[in-house]
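Got a structure for you, questions after.
The values are calculated or read from the model by the stated rules, or taken from the named source; none is laboratory data. Keep in mind that this is a model prediction, so the values were computed, not measured. Here Cβ is always computed from backbone atoms with ideal geometry, including for glycine, and neighbour counts include all displayed protein chains.
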Amino acid sequence: MLDEILPSWVATAELFGDPPDITLFPEEEALVSDSADKRRREFRTSRHCAHLALRRLGVAPRPVLRGDRGAPAWPPGVAGSITHCAGYRAAAVAHGALSIGIDAEPHLPMPRGVLERTATPAEAAALDLLDIPDPGRLLFSAKEAIYKAWHPLTGQWLGFLDATVTFTASPHPPAASGTFAAEIAVHGPGWPTRFEGRWLVSGGLIVTAIAVPVRG
């Protein structure tokens with residue numbers, strides 16, 4: 001799925017289950033040694049995807065530990081992102097990128113009250129123009145991807161209402177897909193004020209992705 005919405009210079013890996021024979025580095029296993037079984041399975045498969053993506057990028061195997069705010073700590077010169085939801089784990093990495101943000105969500109209705117906390121009235125009204133069921137999850141996913149792309153560039157928190165997102169749908173079926181753009185209301189020296197990404201809805205899943213290339 002990610003290969004359909006990310007540039008060809010981004011290496012990806014994704015799995016739709018949790019293989020029982022995954023082997024991580026001891027340092028990675030230690031990060032979830034006290035976690036519940038569900039969290040361990042999510043973490044282990046997601047890190048396995050990270051290892052696969054790094055290998056496809058030509059990077060020697062190494063632990064992917066935790067950095068600022070718990071985000072993955074990638075090797076020097078590599079930008080990347082990890083996501084997981086029920087039935088899906090994935091990673092995307094690249095050389096020559098300032099940042100990458102990916103997110104996956106089940107294509108299900110939003111819990112009551114969540115859309116009001118994550119969308120402006122204009123965003124919520126515009127969602128009705130997209131020809132997909134329950135588009136609120138798409139907006140939520142896009143804002144998660146935006147934050148994952150934003151934080152490595154600024155080191156700052158970005159609230160859901162700090163990014164205003166507009167979607168464009170592709171006219172080419174069968175899969176529902178398209179692009180999105182985000183205008184950022186939080187400003188600082190050198191901070192990005194706009195992100196552009198792509199989205200895809202297929203097989204009961206929503207995936208969104210942003211890849212910010214190095215300037216020049």
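If residue 188 satisfies all but one of (1) in contact with a Lys or Arg (Cβ under 7 Å, 6 or more places away or on another chain); (2) assigned to a loop (DSSP other than H, G, I, E, B), what's the number of the condition it fails?
In the conditions (1) in contact with a Lys or Arg (Cβ under 7 Å, 6 or more places away or on another chain); (2) assigned to a loop (DSSP other than H, G, I, E, B), residue 188 misses (1) alone.
Closer than 14 Å to residue 208 by Cβ and surrounded by 20 or more Cβ atoms within 10 Å (Cβ to Cβ), is that true of residue 89?
No, not satisfied.
For residue 24, are the conditions met, namely being more than 17 Å from the chain's Cα centre (by Cα), assigned by TED's automatic domain parsing to the domain that holds residue 199, farther than 24 Å from residue 214 by Cα and aliphatic (A, V, I, L, M)?
Spelling it out, it is not the case that residue 24 is more than 17 Å from the chain's Cα centre (by Cα), assigned by TED's automatic domain parsing to the domain that holds residue 199, farther than 24 Å from residue 214 by Cα and aliphatic (A, V, I, L, M).
Here is a follow-up. Mind counting the residues in the stretch 131-166 that are under 26 Å from residue 71 (Cβ atoms) and either assigned to a helix (DSSP H, G or I) or out of contact with any helix residue (DSSP H, G or I) (no Cβ under 7 Å at 6 or more places or on another chain) (or both)?
Matching residues across the stretch 131-166 total 25.
Sort through 58, 155, 77 and tell me the only one that's within 27 Å of residue 191 (Cα to Cα), in the same structural domain as residue 8 (by TED's automatic domain parsing), loosely packed, with under 14 Cβ neighbours inside 10 Å and small (Gly, Ala, Ser).
77
Go through the stretch 4-19 and give me each residue that's out of contact with any Phe, Trp or Tyr (no Cβ under 8 Å at 6 or more places or on another chain), surrounded by 14 or more Cβ atoms within 10 Å (Cβ to Cβ) and either among the aliphatic types (A, V, I, L, M) or not in a loop (DSSP other than H, G, I, E, B) (or both).
6, 10, 11, 12, 13
Can you pull out every residue in the stretch 8-53 that is within 20 Å of residue 85 (Cβ to Cβ), of a type in the set (Gly, Ala, Ser) and in contact with a Lys or Arg (Cβ under 6 Å, 6 or more places away or on another chain)?
Hit for the stretch 8-53 is 46, nothing else.
Sticking with this one: Consider the stretch 167-212. How many of its residues are under 18 Å from residue 149 (Cβ atoms), surrounded by 14 or more Cβ atoms within 10 Å (Cβ to Cβ) and either of a type in the set (A, V, I, L, M, F, W, C) or not assigned by TED's automatic domain parsing to the domain that holds residue 147 (or both)?
16
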